[in-house]
1. Any residue at all in region 50-72 that's of a type in the set (Val, Ile, Thr) and more than 25 Å from Leu120 (Cβ to Cβ)?
2. Against the conditions (1) over 28 Å from Ile171 (Cβ atoms); (2) in contact with a Lys or Arg (Cβ under 9 Å, 6 or more places away or on another chain); (3) of a type in the set (S, T, N, Q), where does Ser74 fall short? Just the number, please.
3. Could you go through region 54-75 and let me know if any residue there is in a strand (DSSP E or B), at pLDDT 95 or above, touching a Phe, Trp or Tyr at 6+ places or on another chain (Cβ under 7 Å) and farther than 22 Å from Leu16 by Cβ.
4. If I ask for residues that are more than 14 Å from Gly108 (Cα to Cα) and outside any loop (DSSP other than H, G, I, E, B), which ones from region 132-147 would you list?
5. Among the residues of region 76-103, count how many are under 15 Å from the mean Cα position of the chain (by Cα) and part of a loop (DSSP other than H, G, I, E, B).
6. Against the definition (among the hydrophobic types (A, V, I, L, M, F, W, C), within 27 Å of Lys170 (Cα to Cα) and open to solvent by less than 70 Å² (accessible area, probe 1.4 Å)), how does Phe59 come out, yes or no?
7. Does Gly108 qualify as being in a strand (DSSP E or B), open to solvent by less than 20 Å² (accessible area, probe 1.4 Å) and either closer than 22 Å to Asn40 by Cα or of a type outside the set (A, V, I, L, M) (or both)?
8. Condition test on Glu41, is it in a loop (DSSP other than H, G, I, E, B) and of a type in the set (Asp, Glu)?
Amino acid sequence: MTSETQQKIIVRQWTLADVPAVQHIALTTWLATYSSFIPNEDIQAFFDTYYTSGALGEFCNAETKRGFIAEMESQAIGFAKTHFSHDDNKFYLNSLYVLPAHQGKGIGSELLKRSEEFALTCGADAVWLGVMNQNVAALAWYKRIGFEFVKEEPFTMGKTTVNHLIGCRKINP
């Protein structure tokens, strides 16, 4: 990533005003990424259930949850949803999505970096996540940057269930 590109990327905690942009990024990237193996109506059903304004609003100021949004030239182009679980003492990167036109520009790395900074404030030393097996590009990226996948679980989106790899990476402060 060039310093020119790096200067254009701003990653900040999202606010309620950002929720429509987060919703747009989620649905756009899901359709582009998942529609070859998950029917669009199942993608929409999952979106309508888990990406409501209320559900996303929880990531604005909760103690153990944070939503981060990436902007380039004042336009929202990616986001990350995170939470720290006291139940199992783990930090989860629930979602990390970048609009297809902006992938490969270091935006995902910047969102991950900001998420890891929050993880450290929660007392976590690793980030956990899940990636659908068919999401080959994302899986390759996570492996390339040091995530190790330790188990496989089913993940259901709408009425479609796919295999989901669960992995983690230690945080290097």
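1. yes
2. Only one criterion is unmet by Ser74, namely (2).
3. Looking for residues that are in a strand (DSSP E or B), at pLDDT 95 or above, touching a Phe, Trp or Tyr at 6+ places or on another chain (Cβ under 7 Å) and farther than 22 Å from Leu16 by Cβ, one finds none in region 54-75, hence no.
4. Once the filter is applied, which keeps residues that are more than 14 Å from Gly108 (Cα to Cα) and outside any loop (DSSP other than H, G, I, E, B), region 132-147 yields Met132, Val136.
5. 2
6. In short, yes.
7. no
8. no
The values are calculated or read from the model by the stated rules, or taken from the named source; none is laboratory data. Worth saying up front: this structure is predicted, and the values here are computed from it rather than measured. Methodologically, a virtual Cβ is constructed for each residue, glycine included, from the backbone with ideal geometry; neighbour enumeration extends over all protein chains shown. What goes into the accessible areas is simple: the full protein's heavy atoms, side chains included, and nothing from ligands, DNA or RNA. Shrake-Rupley method; radii C 1.70, N 1.55, O 1.52, S 1.80 Å.
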